[in-house]
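Notes to accompany the following structure.
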Amino acid sequence: MKKILFFLMICCSLMVSGLVSADDVDYSIRLYKGELTVNKDNSASFQQNIVYDFDSGYRGQYVTLGTAGKVPKGFQINSHPDVAAYKMDKKGRLHKRSIRTEIEKLSDGYRVKVYNGGNKGDRIVLSLNWRLKKITTVYSDIAELNWVPISDWDAALGKVILTVKGPEAVLKGSRLYAHTGYFKVQPKVSRKNNLYKITLDHLGQGKQLELHAYWPSSDFSLETANSDKRLAQFQAVERDIARNQKFYPFLVGKLLPLVAAALLLLAGLCYLIWKGMLGQKKVSKHMHLFSPPADFSPLLLARYVYNLEVGELSPLKGRVRHYDIGFKELIQASLLDLIDQGKLKISANRRSFAVPDKNRLEPYEEAFLTFVYGEGKMPIDNAFADYKISQGIFEGSDQAKIRQRGQNVLDLFEKRVKNLDSCVKQAVDSLGFENINRQRTRKENSVLAIVYWLTVLALLLSLAVSIFSLFKGYWFGLGTNAVILVLSVVLLIFYYLKDDYYKVSGLLTQEGLAVRQGWDAFKNMIRDVKTFDDVDLEGVVVWNRILVYATLYGYADRVQDYLKLNDIKLDNPQINNYLAVKPAYYIGLSAGNLSSYTSTAAKASNFSVSSGGSIGGGFSGGGGGGGGGAF
């Protein structure tokens, strides 16, 4: 999830166009206009007019023109372009400004820095005229222009207009293409008389625009530099680019997401097969049983029927799990069960519990009370007090003492939980019941592994394509793959939770399913108790036991409301006393606090003091380059 949020944040930042901050200078480029004039002697002039809008003070602008990449043999840029700067007023009139220029020789071109400082709100028109030599490669049939005039601008270009004038007065026998890459909006190219016009409404920061054109070699007044013919190869390159400009967006934005979606669909089908192989059929929600299938205590019921231990349900070391029975509900129901059996009573002042006769307690019941209240008094509103540890432990104590205190709490908690689970297991074993759980088969594990692998493959595929789309600025591809990515993560979590559920709760045999379905039908009755008529429930005579199980399943309020509405009195005074005092509320609070206690203890046991401390595509391979910005 964090990766997805990170993707969205980056996307938002990249889609905000135009506004740039460099060296504390905020500006945008409203218009980029270039005029390339190709001469008969294969020289050319390139006129640039760039309109800057400044949102802060500034010292000047800079423009680069390069010779990087594949350029014609002998291609040269005159190192002293003509430079002028104008300030445009609100009426659109231009006022020439006094400037100072610096020209820097780069490894692959030149950079012109123009000093003409100004203030926020200025609109500056920067004009440069470059002189170029050997702008095309002349073959026996055509002269090929393969040039990148725009590539490295530090700001997005709001509007791009380029014109290209050939060596002759007409464009007969010539052709021009403009490219911005496979995943970008392509420029519009039009022709009139001896001019090609290229327009683009927006070009992102650092993105390139390439010109690929040819004229008949006879238009040039110089000898052919290359005796080979080029036209057929030129046309083949453009056909490939045109075809790939359709194919690659389809591949990234539609085909690969469909492949990932197919993997998820196949994983879902395998999951359904796996579920069918397990055979853990649930009872219908409309099936009801009006009495418990057996008189189990909540702890024995959780262990025998649901295969759950207290240690698995408890928030040990900050882990909170949700299965058929909750930790808080198990504690509340077990205390109520002891009260119903007369093994636990509420004191006269209604502030604590007391055990009338310890000899009546089963070993697991004694271990349970020790786990909840320790070995001393049992105040109703202070369960789990032996594990209490606050955030204040991290203040005013040295590292060793903090670790020791945290580890002591965890050790005590784990010791009592293990002892309780051991005693419960011995109690279940002593009943002599048949084992109703089974292990997974090798085939079941194999099918589940296929589910995981297919989902992970879909996740990795969509993640890789999402990252690729992000760096390419292909937002449609990013969107479709991000949807598959999120779905993959959700399904992977879902499969893990189901896997974990069956690992902890276990798989039931056919006999175990019959036992479980009886209890599930009884649970359905408790859930729907308010919907039954008196005739339906007239045979229920053990409401005190119903209340115990309702507490275990989390439906205690429903049963209590039903008892109150129908004026049903329980035959156990201690249960009535329990309902009046409402200790379940305080036990619930204490159970909730236990999660905080164990989390803090785990943190304390490990406490330490800090010591302090371009993928290409969609171009014909032209060279050159041009960029700029402001300072």
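Does K197 satisfy the condition of being within 26 Å of V51 (Cα to Cα) and either surrounded by 18 or more Cβ atoms within 10 Å (Cβ to Cβ) or among the small types (G, A, S) (or both)?
no
Please verify whether region 246-264 includes one or more residues that are within 17 Å of N146 (Cα to Cα) and of a type outside the set (S, T, Y).
Scanning region 246-264 turns up no residue that is within 17 Å of N146 (Cα to Cα) and of a type outside the set (S, T, Y).
Testing G57 on (1) at pLDDT below 90; (2) out of contact with any strand residue (DSSP E or B) (no Cβ under 6 Å at 6 or more places or on another chain), one condition comes back false. Which one is that?
(1)
Scanning for something modelled with pLDDT of 90 or more and open to solvent by less than 10 Å² (accessible area, probe 1.4 Å), does region 319-332 turn up at least one residue?
Yes, the conditions are met somewhere in region 319-332.
For residues that are within 17 Å of T64 (Cβ to Cβ) and open to solvent by less than 10 Å² (accessible area, probe 1.4 Å), tally how many sit in region 34-52.
6
Out of K229, K275, which single residue is surrounded by fewer than 14 Cβ atoms within 10 Å (Cβ to Cβ) and over 27 Å from L157 (Cα atoms)?
K229
Out of region 432-449, which residues are open to solvent by less than 80 Å² (accessible area, probe 1.4 Å) and touching a Leu at 6+ places or on another chain (Cβ under 9 Å)?
Listed by number, the residues that qualify are I436, N437, R438, R440, E444.
Restricting attention to helices (runs of 4 or more DSSP H) lying wholly within region 554-618, give those where 3 or more residues are aliphatic (A, V, I, L, M), modelled with pLDDT under 75 and within 44 Å of the chain's Cα centre (by Cα).
583-605
Has region 95-117 got at least one residue that is in contact with an Asp or Glu (Cβ under 9 Å, 6 or more places away or on another chain), open to solvent by 60 Å² or more (accessible area, probe 1.4 Å) and farther than 23 Å from K207 by Cα?
yes
When you check V486 against the structure, is it more than 36 Å from the chain's Cα centre (by Cα) and in a helix (DSSP H, G or I), yes or no?
No; evaluated as a whole, the condition is false for this residue.
Here are the criteria: (1) part of a helix (DSSP H, G or I); (2) modelled with pLDDT of 90 or more; (3) open to solvent by 50 Å² or more (accessible area, probe 1.4 Å); (4) of a type outside the set (G, A, S). Tell me which single one D386 does not satisfy.
(2)
Looking only at region 159-186, which residues are among the charged types (D, E, K, R) and either surrounded by fewer than 21 Cβ atoms within 10 Å (Cβ to Cβ) or part of a strand (DSSP E or B) (or both)?
K159, K165, E168, K172, R175
Please verify whether D536 is open to solvent by 40 Å² or more (accessible area, probe 1.4 Å), of a type outside the set (V, I, T), assigned to a helix (DSSP H, G or I) and at pLDDT below 90, treating the condition exactly as stated.
So D536 passes the test.
Identify all residues within region 272-297 that are charged (D, E, K, R) and either under 25 Å from V447 (Cβ atoms) or part of a helix (DSSP H, G or I) (or both); write none if there are none.
Matches in region 272-297: K275, K281, K282.
What tally of residues in region 539-553 results from selecting those that are within 12 Å of I526 (Cα to Cα) and either open to solvent by 60 Å² or more (accessible area, probe 1.4 Å) or more than 44 Å from the chain's Cα centre (by Cα) (or both)?
4
Would it be correct to say that N359 is open to solvent by 30 Å² or more (accessible area, probe 1.4 Å), polar (S, T, N, Q) and assigned to a helix (DSSP H, G or I)?
Yes.
Mind listing whichever residues of region 333-356 are surrounded by 20 or more Cβ atoms within 10 Å (Cβ to Cβ) and in a loop (DSSP other than H, G, I, E, B)?
Passing the criteria: only L344.
Tell me the residue from L478, L457, L470 that is crowded, with 16+ Cβ neighbours inside 10 Å, under 30 Å from V252 (Cβ atoms) and modelled with pLDDT of 95 or more, please.
Matching residue, one of L478, L457, L470: L457.
The values are calculated or read from the model by the stated rules, or taken from the named source; none is laboratory data. Only a predicted model underlies this, so the values are computations on that prediction, with no experimental measurement involved. Note: ideal-geometry Cβ built from the backbone for every residue, glycine included; neighbour counts use all protein chains shown. Accessible surface areas use protein heavy atoms only, side chains included; no ligands, DNA or RNA. Shrake-Rupley method; radii C 1.70, N 1.55, O 1.52, S 1.80 Å.
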